[in-house]
Every structure is written in C-alpha cells, then in structure tokens.
Amino acid sequence: MAHFEAEALEFEEKVITINRVAKVVKGGRRFSFTALVAVGDKHGKVGVGLGKASEVSEAIRKGNDAARRSMTRISLVEGTIPHRIDGTYAATTVVMRPASPGTGVIAGGAVRVVLESLGVQDVLTKVLGSRNHSNVVKATMNGLKNLRTRDEEVSFRKGD
C-alpha cells in the first residue's frame, strides 16, 4: 500500500473534459458522465484514459486508472520534441513542431494538457480537422508515440 501511495505522488493528473451523456429509457432519461483524463510525470511518461460512471468523481477516478494503465514513455530532447510530427486519428490531425527554448507550449485545450503532463516546455502545435476532445487527444498520443530521437533512429536502421 505504501508503494502505491508513493507512486501516486509522482504523477500529475489533469481532467481534460467532463461530458454529461443521456440514455433515453421508457421512464425518461438516464444521465451519466464521461471524464477524459491525462496522467503524466512531467519527465517523458504520459497516458490518457476515459472513465464512464453515473457520478462525476467516479468517472474521473476510472479515467485516472485507465490513463495510468495506458502510460507510455515518449522521447524528449531538451524540453521539446525531437522533430516535427503529425498525429492523426479519424478526422483529426495534430501538427506538432519543436520550438527553441523560451517559446513555451503553444497549444490549445486538450493538446496542451497532454503535452504539459508529458513535461514538454517548448512546442508549437495546430489542430486540423475535427476539434472533438477525444479525437484530438488520440491524435496527439498517436503523434507522440511515433517520435524518435536520432539515437533511436540510428539503432532502428542498424537493426539492433
């Protein structure tokens, strides 16, 4: 139990969006909530998760658990991404470009939350196509997972 509490302290969780959804049943509408959550350690690890429940706090907790399970390590170079990358998901494209130190995170909404949780300090981004929060987050993660540093690319080409 103590190990889990120590692990919980090093990760920062941020709620990207909370959405109320309705299911129409015979007696009227049943309302529930979805929560899109990003979890990161600000040192190159990030995960996103979607939680669904009849209460907001429970949906956030479930989203947090899902995000921790989906955490991946992303290669960063001096506080920015190693190269330009386009992440796509469905009708959404997220363009991410490395930036010089001092630029800051030039990103909106969902992309900003994911990149800040990851620990990126300087980056330029633009969302093209659909602005749906869920698709934007998935496109961002798709782009980040495809990032490679020069060392990783060289070892990949050699076949190590």
Exercise for review: For region 128-160 and region 35-113, compute the distance between their C-alpha centroids and round to whole Å.
Suggested key: 12 Å
Study note, to complete from the structure: About its Cα centre, region 66-160 carries a charge dipole, from +1 on Lys and Arg Cβ atoms and -1 on Asp and Glu Cβ atoms, whose size in debye to the nearest 20 is 300 debye
Practice item. Would you tell me the accessible area of R30, worked out with a 1.4 angstrom probe on the heavy atoms of the protein chains, in Å² to the nearest 10? Key: 150 Å²
Check your understanding: Got a sec to turn the phi values of region 120-128 into Karplus ³J(HN,Hα) couplings, 6.51 cos²θ - 1.76 cosθ + 1.60 with θ = phi - 60°, whole Hz, x for Gly and Pro?
Key -> 6, 9, 9, 6, 10, 9, 8, 9, 10
Revision key, fill the gap. FRET efficiency for F156 and R97 from the Cβ-Cβ distance with R0 = 30 Å, rounded to 0.05, comes out at 0.85
Exercise for review: Could you list the GluC sites (Glu not before Pro) in region 45-97 that lie in coil according to DSSP, counting only those with at most 11 other Cβ atoms within 10 Å of their Cβ?
Suggested key: E55, E78
**Study point:** Accessible area in square angstrom per residue, the chain, 1.4 angstrom probe
**Key:** 59 Å²
Review point. So, with +1 on the Cβ of K and R and -1 on the Cβ of D and E, and no other charges, what is the size of the charge dipole of the chain about its Cα centre, to the nearest 20 debye?
Key: 940 debye
Revision key, fill the gap. Here the alpha-carbon Rg of the chain over 2.2 N^0.38 Å rounds to 1.15
**Study point:** Linear extension gain, K42 paired with E78, 0.36 nm per residue minus alpha-carbon span
**Key:** 11.7 nm
Study note, to complete from the structure: V56 and A90 label points (each 7 Å along its Cα→Cβ direction) are spaced in nm at 2.4 nm
Check your understanding: Can you tell me the Rg and the Dmax, both Å, for the Cα atoms in region 30-82?
Key -> 13.7, 48
Study note, to complete from the structure: If the label point sits 7 Å along Cα→Cβ of R131, residues of region 71-108 with amide N under 15 Å come out as 92-94, 107-108
Check your understanding: Round to a whole number: what % of the accessible area of the chain belongs to carbon and sulfur, probe 1.4 Å?
Key -> 51 percent
**Study point:** Nearest-10 value in Å² for the accessible area of S100, using the 1.4 Å probe
**Key:** 70 Å²
Revision key, fill the gap. Nearest 10, in degrees from 0 to 90: the angle of helix 133-145 to the longest Cα principal axis of the chain is 30 degrees
Exercise for review: Based on a Kirkwood Rh over C-alpha pairs, give the Stokes-Einstein translational diffusion coefficient of region 78-160 at 20 °C and viscosity 1.002 mPa s in µm²/s.
Suggested key: 165 µm²/s
Review point. Say a paramagnetic label sat at a point 7 Å from the Cα of E10, along Cα to Cβ; which residues of region 61-105 have their backbone N under 14 Å from it?
Key: 72-73
**Study point:** Whole-Hz couplings from phi, Karplus 6.51/-1.76/1.60, listed for region 25-37; x for Gly and Pro
**Key:** 10, 3, x, x, 10, 10, 9, 9, 10, 10, 10, 9, 10
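The values are calculated or read from the model by the stated rules, or taken from the named source; none is laboratory data. Computed from a predicted structure; not experimentally measured. Methodologically, a virtual Cβ is constructed for each residue, glycine included, from the backbone with ideal geometry; neighbour enumeration extends over all protein chains shown. Side chains are part of the model used for accessible areas, which takes the heavy atoms of the whole protein and leaves out ligands, DNA and RNA. Shrake-Rupley method; radii C 1.70, N 1.55, O 1.52, S 1.80 Å.
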